[in-house]
Amino acid sequence: AQADHNAVHFKPLINAVLRRIAREGEGVITVQDAAALNTPDWLWPRWLHAYGEAEARAIASAHLMIPPLDLSFSGDPPSIPDAVSLASGRSRIRRAGRVDELSGYREGRWWVQDFAASLPVELFGGVAGQRVIDLCAAPGGKTAQFCASGARVTALDHAPGRLKLLSENLSRLRFSAELIAADARDWRPPLPAPFVFLDAPCTATGTIRRHPDLPWLKSAADVEICARLQQELLDAAAEMTAPGGQLIYTVCSLEPEECEEQVETFLARNAAFRRETVRAEQVPDPLFVTRSGDFRTLPSFWADRGGMDGFYAARLRRI
């Protein structure tokens, strides 16, 4: 400040503030409510209501930790220093450095994907040789999973730029899929598919630990906006699902309006669909199955192993 003639008059104030921080800062921090202070006012009461105080505090605490790097593999994993296996085909690195310098990147042997994000795809079960429609597919982690499972994939996204990124990712991984740039609300396949996967746009409050600015850029109004869009996309996805087929709806949100409530209202207006319970053996931990039989992870889960993003998914069957 002293070196800047426009700021030199702030020097005494800066000195006073820093001296007081040095003198009293530790005591001030001790009595602060870090969980509430680091969560915007529009979000904190919602989590208290939805999850209870203990879980809301655990979620907020998880957001203060640097998230690890999770990798999904298309085959046998390469030898990567400090990588720890989380489940079959998935590993975690606490301190990774540059992604493109890790072993196996250029050879396309893996892709970056949060552990929780990789789980909803597995709720379909076996899809080898089957048609799968992947809606809102970019940047392509779940598309890659379907390709690695041997499915015949149609991946759709409304943004050509995001679809280009998806194409580049698939090319590096040596996967191929039918890519379509279109709005899922308007597009329909020539024939309904037995497997339809909708990773719907959402407030993404389950990914705050990776995007700490996100809750400060959004508001409660965004929850309502996203919920309306999700309703339209779900109805469109339902029309693409063949009789007897499965529709999986997933979001990386912690907000009930985008998760359980969205599915309940869908089922209320779509008599041709019913909810199929997620079984404990379909997920790595029974903790990931909700009381209503849906899939749910929270950032506070597996905290001793580095946590995970918050994801929700429901299995829906067309009768």
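The values are calculated or read from the model by the stated rules, or taken from the named source; none is laboratory data. Note that the structure is a prediction, hence the values are computed from the model and not measured. Glycine also receives a Cβ, built like all others from the backbone with ideal geometry; neighbour counts cover every protein chain displayed. We work out accessible area using only protein heavy atoms, side chains counted, and drop any ligands, DNA or RNA first. Shrake-Rupley method; radii C 1.70, N 1.55, O 1.52, S 1.80 Å.
Solvent-accessible surface of protein heavy atoms, probed at 1.4 angstrom with all chains present, puts 110, 42 in the order 42, 110, largest first. How would the stretch 153-298 be classified by its alpha-carbon gyration tensor: rounded, prolate or oblate, with rounded meaning a/c under 1.5 and the a/b versus b/c comparison settling the rest? Verdict is rounded for the stretch 153-298.
Over all other residues within a Cβ to Cβ distance under 10 Å of residue 246, the charged ones net out to +2, with Lys and Arg as +1 and Asp and Glu as -1. Solvent-accessible surface of the stretch 1-84, averaged per residue with a 1.4 angstrom probe and all protein chains in place: 69 square angstrom.
Counting only protein heavy atoms and a 1.4 Å probe, the stretch 91-233 has 46 square angstrom of accessible area per residue.
Spin-label pair residue 319-residue 4: with each label point 7 Å from Cα along the Cα-Cβ axis, the two points sit 6.7 nm from one another. Our coupling estimate for the stretch 89-102, obtained by passing each phi through the Karplus curve with A = 6.51, B = -1.76, C = 1.60 and θ = phi - 60°, is x, 9, 10, 9, 10, 6, 10, 9, x, 6, 5, 6, 9, 6 Hz, Gly and Pro reported as x.
Ligands, DNA and RNA excluded, the heavy atoms of residue 26 present near 150 Å² of accessible surface to a 1.4 Å solvent probe.
In this view, the solvent-accessible surface of residue 5, computed with a 1.4 Å probe and all protein chains in place, comes to about 150 Å².
Of the listed residues 170, 13, the order by accessible area with a 1.4 Å probe, largest first, is 13, 170. Summary of the geometry: the stretch 256-287 and the stretch 36-73, compared by the centres of their Cα atoms, lie 22 Å apart. Diffusion of the stretch 1-56 by Stokes-Einstein, at 4 °C in a medium of 1.567 mPa s and with Rh set to the Kirkwood radius over alpha-carbon pairs, works out to 90 µm²/s. Is the shape of the stretch 1-139 best called rounded, prolate or oblate, per the rule: a/c under 1.5 gives rounded, else a/b larger than b/c gives prolate, else oblate, with a ≥ b ≥ c the square roots of the Cα gyration tensor eigenvalues? Taking the square roots of the gyration eigenvalues as a ≥ b ≥ c, the stretch 1-139 is prolate.
Rolling a 1.4 angstrom probe over the protein heavy atoms with all chains in place gives the stretch 237-286 an accessible area of 39 Å² per residue. Between residue 187 and residue 49, the modelled label-to-label distance comes to 3.6 nm, taking each label 7 Å out from Cα in the direction of the beta carbon.
Atom-type composition of the exposed protein surface of the stretch 67-222 places 51 percent of the accessible area on carbon and sulfur (1.4 angstrom probe). Computed from the Cβ-Cβ distance with R0 of 25 Å, the FRET efficiency linking residue 219 to residue 95 stands at 0.15. If the segment from residue 239 to residue 107 were pulled out straight at 0.36 nm per residue, it would be longer than the present Cα-Cα gap by 43.7 nm.
Once all protein chains are placed together, residue 164 keeps about 130 Å² accessible to a 1.4 angstrom probe.
On the accessible surface of the stretch 226-277, probed at 1.4 Å, how many percent belong to carbon and sulfur atoms? Don't skip to the answer; put the middle values down first.
Working: 990 of 1880 Å².
Accessible surface attributable to carbon and sulfur in the stretch 226-277 totals 53 percent.
For the chain, the antiparallel share of DSSP beta bridges with both residues in that region comes to about 55%.
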